[in-house]
Structure formats: structure tokens, C-alpha cells
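Written below as C-alpha cells is the structure these notes are about.
The values are calculated or read from the model by the stated rules, or taken from the named source; none is laboratory data. These figures come from a predicted structure and were not determined experimentally. Cβ: placed from backbone, ideal geometry, glycine included. Neighbour counts: every protein chain shown. SASA here: full protein model, heavy atoms, side chains in, ligands and nucleic acids out. Shrake-Rupley method; radii C 1.70, N 1.55, O 1.52, S 1.80 Å.
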Amino acid sequence: MTAPRRAPGGPARRAALRGGAALAATGLLASCGYGSRAADRAGGDPAALTAGTGPRLSAGTVRVGHFANLTHGTALVGLRRGLFQKELGGTRLRTQVFGAGPTAVEALSTGALDLAWIGPSPAVNSWVRSGGTSLRIVAGAASGGVRFVVNPARIRTAADLRGARIASPQLGNTQDVALLTYLAEQGYAVDPATGAGEVSVVRTDSKVLPGAYRSGSVDGAWVPEPAAAQMVSLGAKVLLDERSRWPGGAFVITHLVVAQPFLAAHPDVVEAMLRGSVAANAAIAAAPEQARADAAAGAERLTGGRLEPAVLDRAWRGIDFLDDPLAATLRTQAGHAVAAGLLKEADLSGVYDLRPLNRVLAAAGRPPVPDAGLGVVP
């Protein structure tokens with residue numbers, strides 16, 4: 001995906017679009033953050049602590065975070081099938097469910113969490129704010145699973161967006177940046193900090209977006225699954241699948257990160273988790289329908305909510321699960337956040353350490369995955 005085109009209309013319009021850039025470089029980045037959420041709670045998994053049999057690795061317990069989202073299918077399937085605990089042997093696995101990446105990143109930063117599946121935005125934000133000392137990305141998990149859905153009675157093409165209220169899940173998160181980038185390409189001026197402009201960007205939690213759409217509070221949303229599929233079930237139409245904006249239709253939506261101190265102290269535990277991750281993605285590829293049922297059951301157990309079969313099928317079909325973290329797309333996404341005024345310029349060199357993953361892949365007779373020049377220097 002190339003860098004976003006400049007919005008037409010001359011310097012004044014472009015200045016309006018990036019009106020919050022100075023704020024983003026200081027207060028916005030520090031207080032709200034690229035991928036932040038003002039209020040979020042982490043909930044405990046009812047099966048939070050498990051222990052397998054066999055020798056214990058270098059750590060007695062590994063603490064792992066994930067979301068109850070379908071885009072975290074690697075975690076949901078692997079945990080439900082015991083694939084991680086199988087690789088960990090006598091090392092206990094403690095899991096915790098989070099509602100947003102920034103909270104998981106905070107837990108990593110304070111030493112309360114060792115590994116987590118999160119999206120690209122909170123990972124980049126943590127890397128930038130810590131000066132490159134907080135975490136490493138060690139594996140991919142999911143690509144795709146994001147759609148721009150709209151009310152077809154109000155919006156049929158991009159030309160109909162003027163004056164519309166379009167939601168994204170949170171200020172500066174991955175979908176928010178993608179939406180701002182798209183609107184800029186279409187020539188609409190939007191203040192990145194407030195969301196005000198020729199199109200109103202309304203930051204709304206994905207869990208309540210279907211209800212907001214039903215009530216008419218929003219005209220559409222750039223949103224991950226299953227919220228997009230839920231809105232379609234209410235009559236929304238897909239204006240754009242984000243996969244269409246990326247070469248080969250692939251872009252990172254979820255990856256596995258590890259706190260740098262834990263990676264340095266317990267590389268054997270990290271490698272065991274990676275073997276479980278690779279096994280989970282292989283299981284999803286081998287039997288996608290069973291994996292879909294396992295992921296849905298895991299999410300339902302954690303949230304108490306249930307997706308209708310048609311919604312679940314539509315949502316699951318939009319997600320690809322893979323071991324490759326698609327590093328080049330992370331660089332592009334970070335560039336979009338900078339252009340939108342939500343992130344200061346950042347050097348991402350060293351944010352990846354794919355050496356443990358590539359050892360696991362080599363043992364399985366598979367080729368290595370690239371880090372796009374953003375890996376650690378041996």
C-alpha cells in the first residue's frame with residue numbers, strides 16, 4: 001500500500017486535515033495515545049490458570065493476555081485446545097482477557113504481563129513512548145477482518161460521505177487511522193484529534209456500534225469483526241473491505257508481542273508459546289469450520305454473548321490467520337498515523353525479533369518470515 005495521497009484543495013485544506021498534528025506530537029500521544037482508550041477494564045478468564053505435565057521451563061508461570069475477539073482466533077483456538085499448555089509442559093499458563101490493546105500494553109510495561117496478542121497501533125505506541133525498550137513483536141496472528149460498512153439509504157459511494165457520522169472504535173486505533181487516511185484520500189478535511197470536519201468521525205466502542213447504527217446515531221463505521229458483520233445483519237452494506245487497499249489483501253490486524261525483559265530471561269518459554277501459536281494457526285487452516293466453532297465458543301464463554309450463525313460465518317470468512325506478522329504493513333500503518341497527525345515520527349528498527357519464530361518454522365520444514373528490515377540486529 002502506498003502512502004496516502006494529499007487531500008485536494010490546497011494548503012488550507014491540508015492544514016485543516018492535520019490541525020491536531022502539534023497536539024499529537026505532545027499531549028495527544030502522551031495522554032490519549034495512538035491506539036488508546038480512556039476507559040477500559042481487564043477481565044479475568046474463568047480458566048485463567050492451567051498447568052500441564054512434564055518438565056518445567058525456565059519460568060514457573062507465564063502470564064499471557066488476549067482479547068475475546070474473533071481476530072484473536074489464534075489465542076482462542078490454541079487455548080481451547082490446550083496447544084500452548086502442551087508446549088509449556090510444567091510451566092503454568094495464566095491468561096487474562098483485555099478489552100483494548102493499551103491496557104494490555106500497560107500491563108506489559110509494568111511487569112504484570114509477559115506476552116500478549118494485540119493490534120499494531122498499541123504496539124507501535126508502546127515502542128515509541130518507551131524509546132524502543134518495552135516490547136518486541138515475535139509472531140503474526142491475523143490479517144484482514146476489517147470493513148467499512150454504511151447505511152445504504154444515506155451513502156452509496158464515497159461522494160455521499162460529506163456530512164455523515166462515521167464511527168471508528170477509538171481515537172488513534174488501527175481502524176481510526178485507516179478511516180482518517182481514506183477520508184483524506186477522498187478529499188475530506190477532518191480534525192484528527194476531535195473528529196470534527198466535513199465528515200464527522202465518531203469514536204465509539206465496537207461492542208456498542210451495532211446498537212448505535214440501529215438507533216441511527218451513526219451512518220456507518222470502519223470497524224473490525226464481528227461488529228461489521230453484526231451491522232450488516234442490521235441492513236448496513238459493505239462500502240469497502242480494507243483488504244482491497246493492501247497488496248495481496250494482507251495487512252496485520254493482530255500479532256503476538258513479548259515484554260523485552262521476559263524475552264531476555266526466558267527465551268525457552270517464548271519459543272514454547274510460539275510453537276503453540278504455529279500449531280493453533282495450522283489447526284485453523286486444516287479445519288476452519290471447527291476452528292470457527294472453537295473460537296466462537298471461547299469468546300462466548302468470556303463475554304457471555306453469542307453470535308448468530310450467519311453473523312459468525314460472515315465475520316470469520318473475512319479473517320486470515322497466519323504466522324507471518326506482515327512487518328512491511330506495520331511500517332505503512334505507522335506512516336499513516338504520522339500523516340494523520342496521531343503519531344510523531346518513529347524509528348521502528350528493532351521492534352521485531354522473529355528469530356525464535358523462524359527457528360520454530362525451520363523445525364517444521366517451513367521457510368522463514370521477513371522482518372522488513374525492522375528486526376533486531378544480532
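In this structure, does T157 turn out to be at pLDDT 95 or above, surrounded by fewer than 20 Cβ atoms within 10 Å (Cβ to Cβ) and hydroxyl-bearing (S, T, Y)?
The answer is yes for T157.
Please enumerate the residues belonging to region 219-235 that are open to solvent by 10 Å² or more (accessible area, probe 1.4 Å) and modelled with pLDDT under 95.
P224, P226, Q230
Which of the following residues is open to solvent by less than 20 Å² (accessible area, probe 1.4 Å), free of Cβ contacts under 8 Å to residues at least 60 places away in the same chain and at negative phi: L374, L330, L342?
Sole residue among the options that is open to solvent by less than 20 Å² (accessible area, probe 1.4 Å), free of Cβ contacts under 8 Å to residues at least 60 places away in the same chain and at negative phi: L374.
Cβ-Cβ under 6 Å, sequence separation 6+ or interchain: first residue in region 293-318 and surrounded by 14 or more Cβ atoms within 10 Å (Cβ to Cβ), partner of a type in the set (K, R) and in a helix (DSSP H, G or I). Which pairs?
Listed pairs, sorted by first residue: D294/R80; G298/R80; W316/R292.
Please work out which residue is farthest from the chain's Cα centre (by Cα), limiting yourself to region 317-352 and to residues that are closer than 30 Å to E289 by Cβ and among the charged types (D, E, K, R).
R317
Residues that are at pLDDT below 95, open to solvent by 10 Å² or more (accessible area, probe 1.4 Å) and either under 25 Å from Q85 (Cα atoms) or part of a helix (DSSP H, G or I) (or both): does region 351-362 have at least one?
no
Which condition number in (1) under 25 Å from P267 (Cβ atoms); (2) open to solvent by less than 10 Å² (accessible area, probe 1.4 Å); (3) over 13 Å from the mean Cα position of the chain (by Cα) is the one that V150 fails?
V150 satisfies every listed condition except (1).
Only one of V238, V257 is β-branched (V, I, T), surrounded by fewer than 21 Cβ atoms within 10 Å (Cβ to Cβ) and more than 17 Å from A68 (Cβ to Cβ); which? I'd like the intermediate steps shown before the answer.
Working: V257 fails: surrounded by fewer than 21 Cβ atoms within 10 Å (Cβ to Cβ).
The unique qualifying residue is V238.
Which numbered condition trips up G101, out of (1) open to solvent by 20 Å² or more (accessible area, probe 1.4 Å); (2) at pLDDT below 95?
With respect to (1) open to solvent by 20 Å² or more (accessible area, probe 1.4 Å); (2) at pLDDT below 95, G101 is out only on (1).
Taking G163, is it open to solvent by less than 20 Å² (accessible area, probe 1.4 Å) and part of a loop (DSSP other than H, G, I, E, B)?
no
Within region 199-216, restricting attention to residues that are assigned to a loop (DSSP other than H, G, I, E, B) and touching a strand residue (DSSP E or B) at 6+ places or on another chain (Cβ under 7 Å), which residue is surrounded by the most Cβ atoms within 10 Å (Cβ to Cβ)?
V199
May I ask you to list the residues in region 322-339 that are under 27 Å from Y182 (Cβ atoms) and touching a strand residue (DSSP E or B) at 6+ places or on another chain (Cβ under 9 Å)?
L322, D324, P325, L326, A327, T329, L330, Q333
Within region 138-173, track down each residue that is of a type in the set (S, T, Y) and closer than 30 Å to R355 by Cα.
We begin by selecting, within region 138-173, every residue of a type in the set (S, T, Y); these are 143, 157, 168.
If the condition is that a residue be of a type in the set (S, T, Y) and closer than 30 Å to R355 by Cα, then S143 is the only one that fits.
Please state which one of A228, A196, A189 is more than 14 Å from the chain's Cα centre (by Cα), among the small types (G, A, S) and under 17 Å from I155 (Cα atoms).
One residue alone meets the criteria, A228.
Quick one: what pairs do we get from region 151-169, first residue basic (K, R), second surrounded by 15 or more Cβ atoms within 10 Å (Cβ to Cβ), C-beta under 6 Å, 6+ apart or different chains?
That search, which allows pairs on different chains as well, returns R154/D219; R162/E198; R165/S200; R165/V202; R165/V218; R165/D219.
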